[in-house]
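First comes the structure, then the notes that go with it.
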Amino acid sequence: MFRFETAGESHGECLVATITGLPSGIPISLEKINRELWRRQQGFGRGGRMKIETDTAHIVSGVRHSKTIGAPIACIIANRDWKNWTQSMPVEDFDGAAEHFKEVKRPRPGHADLIGCIKYDFDDARYILERASARETTARVAVGAIAKAYLAEFGIEVLSHVVGVGRETSTYEATWEDLVALSKKEEVLLGTVDPETEVRFKAVVDEAYRTGDTVGGIFEVRAHGVPIGLGSHITWDSRLDGKLAQAIVSMQAVKGVEVGYSLEGAQSFGSKVQDTIHYNKEEREFFRGANRAGGLEGGITNGQDIIVRGHLKPISTLRRPLESVDLPTRDSALAVYERSDVAVIPAAGVIGEAMVALVLAQAMLEKFGGDSLREAKRNFANYQTQVREF
């Protein structure tokens, strides 16, 4: 059974990720995992935390001699900032600990601060924001990189780019080759493939910097090389588009998701939305006239690129705080300011890649199974033959 989990707090000692259910024999490269972690930290608009951390993965189980062994994989990512919080957030209490508390008594609008305090019966939002923080996604990216390694064995790749920042949107039609080139860059500004668009995007972030505000945007994740037949129309919870939507919206600050070009489709007539069906007799394969459906029909992959877009709200921590309430007195007060980012859209794209990769890995395992990679590949090859002979 495929499953992943994360643990850890933003200013705790480390982040922990586990992934269970992958077959043995998958090649694992720490260099590639760390490259994904590096990509998550990049982008214009990031805050001071990214200057402190240099995220690297430390795998402690489930991988031997650079290959999975079929056992649960556990990965640790240390928080370098922990040295500044050892007395503020100790695991075990000690005399005088209260003197070192870094309490949060003025909850931020839009964050989990207030509702988390109410739900978990705390009078200090510190314990809520530490886990609600998007620092948790570092662990997701680590296990997502492992899922990517599994998918790569079947010719499946997952990448992203930014298509909107604030009210500015891109009209550039990015190709898969554009996304590959973007993923290899050593300097990331705003994660878009078109230089002219990036200039417009940067101007929006500059404005947010100038005014002490934050800004959101839209990122697009594409999965290339996905076979026909993942997911199902049989039950509501087996539809792959539903699983992808849940995975993307589970990301901090993501409030909406598109599969394919759903917003454009909602404003069009049906004749303009559906992807026409054609057949190449020489290649003996079906193909489509477009990909407005984003690679999924009826909750099932149709062999085209999967396209999923996440709509990211501006993050909740503002240098010019909004109105809030002081928890001890219940008086009006400005929300607390925690060191934070101004814009995180390129990083969100990388996190989105991880989430899509994890969902696709689960779908591949459900369909093709296998305790070893060799067994899974044999099952996959037999199915591909069945598809070609249809």
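Could you check the range 50-77 and list, in sequence order, the residues that are hydroxyl-bearing (Ser, Thr, Tyr) and surrounded by fewer than 18 Cβ atoms within 10 Å (Cβ to Cβ)?
54, 56, 61, 66
Given (1) hydrophobic (A, V, I, L, M, F, W, C); (2) in a loop (DSSP other than H, G, I, E, B); (3) over 30 Å from residue 199 (Cα atoms), where does residue 17 come up short, assuming only one miss?
Of the numbered conditions (1) hydrophobic (A, V, I, L, M, F, W, C); (2) in a loop (DSSP other than H, G, I, E, B); (3) over 30 Å from residue 199 (Cα atoms), the odd one out for residue 17 is (2).
Please verify whether residue 118 is surrounded by fewer than 13 Cβ atoms within 10 Å (Cβ to Cβ), assigned to a helix (DSSP H, G or I) and out of contact with any Leu (no Cβ under 7 Å at 6 or more places or on another chain), treating the condition exactly as stated.
yes
When you go through 330, 374, 309 one by one, which is the residue that is out of contact with any Phe, Trp or Tyr (no Cβ under 6 Å at 6 or more places or on another chain), in contact (Cβ under 8 Å) with a residue 40 or more places away in the chain and farther than 24 Å from residue 188 by Cβ?
Answer to the selection: 374.
Looking at the range 350-389, which of the residues that are more than 27 Å from residue 245 (Cα to Cα) and in contact with a Lys or Arg (Cβ under 9 Å, 6 or more places away or on another chain) is surrounded by the fewest Cβ atoms within 10 Å (Cβ to Cβ)?
Within the range 350-389, the match that is surrounded by the fewest Cβ atoms within 10 Å (Cβ to Cβ) is 389.
Within the range 144-164, which residues are farther than 26 Å from residue 189 by Cβ, among the β-branched types (Val, Ile, Thr) and buried (at least 24 other Cβ atoms within 10 Å of the Cβ)?
146
Under the condition of being touching a helix residue (DSSP H, G or I) at 6+ places or on another chain (Cβ under 8 Å) and crowded, with 17+ Cβ neighbours inside 10 Å, which residue from the range 265-293 is farthest from residue 316 (Cα to Cα)?
This residue is 273.
Would you check if residue 57 is under 22 Å from residue 221 (Cβ atoms) and modelled with pLDDT of 95 or more?
Judged against the criteria, residue 57 is a match.
Would you kindly identify the helices (runs of 4 or more DSSP H) lying entirely within the range 165-264 that contain at least 1 residues that are surrounded by fewer than 21 Cβ atoms within 10 Å (Cβ to Cβ), of a type in the set (Val, Ile, Thr) and within 15 Å of the chain's Cα centre (by Cα)?
Filter on the range 165-264 gives 240-249.
If I ask for residues that are of a type in the set (A, V, I, L, M) and more than 17 Å from residue 135 (Cβ to Cβ), which ones from the range 346-372 would you list?
356, 357, 358, 359, 360, 361, 363, 364, 365
Do we have residue 235 as among the β-branched types (Val, Ile, Thr) and touching a residue at least 12 places away in the same chain (Cβ under 8 Å) here?
No: the conditions fail for residue 235.
If you scan the range 35-78, which residues turn out to be in a helix (DSSP H, G or I) and among the aliphatic types (A, V, I, L, M)?
Residues satisfying the conditions are 37, 50, 52.
Can you tell me which residue within the range 121-143, out of those that are surrounded by fewer than 22 Cβ atoms within 10 Å (Cβ to Cβ) and within 25 Å of the chain's Cα centre (by Cα), is nearest to residue 370 (Cα to Cα)?
If we take residues in the range 121-143 being surrounded by fewer than 22 Cβ atoms within 10 Å (Cβ to Cβ) and within 25 Å of the chain's Cα centre (by Cα), then 136 is nearest to residue 370 (Cα to Cα).
Can you go through 39, 80, 35 and tell me which one is surrounded by 16 or more Cβ atoms within 10 Å (Cβ to Cβ) and among the basic types (Lys, Arg)?
Step by step, each of 39, 80, 35 is checked, and only 39 is surrounded by 16 or more Cβ atoms within 10 Å (Cβ to Cβ) and among the basic types (Lys, Arg).
Within the range 25-42, does at least one residue satisfy the condition of being within 22 Å of residue 250 (Cβ to Cβ) and either of a type in the set (Val, Ile, Thr) or in contact with a Cys (Cβ under 8 Å, 6 or more places away or on another chain) (or both)?
yes
Could you say whether any residue in the range 219-228 is modelled with pLDDT of 95 or more, more than 27 Å from residue 369 (Cα to Cα) and not aliphatic (A, V, I, L, M)?
yes
Quick one: would you say residue 44 is within 23 Å of residue 135 (Cα to Cα) and buried (at least 21 other Cβ atoms within 10 Å of the Cβ)?
So residue 44 does not fit the description; no.
Examine the range 90-106 for a residue that is more than 30 Å from residue 158 (Cβ to Cβ), part of a loop (DSSP other than H, G, I, E, B), under 28 Å from the mean Cα position of the chain (by Cα) and not basic (Lys, Arg), and state whether such a residue exists.
Yes; the residues of the range 90-106 include at least one that is more than 30 Å from residue 158 (Cβ to Cβ), part of a loop (DSSP other than H, G, I, E, B), under 28 Å from the mean Cα position of the chain (by Cα) and not basic (Lys, Arg).
For residues that are in a helix (DSSP H, G or I), of a type in the set (Val, Ile, Thr) and in contact with a helix residue (DSSP H, G or I) (Cβ under 6 Å, 6 or more places away or on another chain), tally how many sit in the range 337-390.
Going through the range 337-390 one residue at a time, the tally reaches 3.
Listed residues 312, 263; which is hydrophobic (A, V, I, L, M, F, W, C), within 27 Å of residue 198 (Cα to Cα) and modelled with pLDDT under 95?
So the residue among 312, 263 that is hydrophobic (A, V, I, L, M, F, W, C), within 27 Å of residue 198 (Cα to Cα) and modelled with pLDDT under 95 is 263.
What are the residues in the range 189-238 that are among the hydrophobic types (A, V, I, L, M, F, W, C) and touching a Lys or Arg at 6+ places or on another chain (Cβ under 8 Å), if any?
Of everything in the range 189-238, those that are among the hydrophobic types (A, V, I, L, M, F, W, C) and touching a Lys or Arg at 6+ places or on another chain (Cβ under 8 Å) turn out to be 189, 190, 204, 218, 219, 221, 230.
The values are calculated or read from the model by the stated rules, or taken from the named source; none is laboratory data. Computed from a prediction, not measured in an experiment: that's the story for all the values here. Ideal geometry is used to build each Cβ from the backbone, glycine not excepted, and the neighbour counts take in all protein chains shown.
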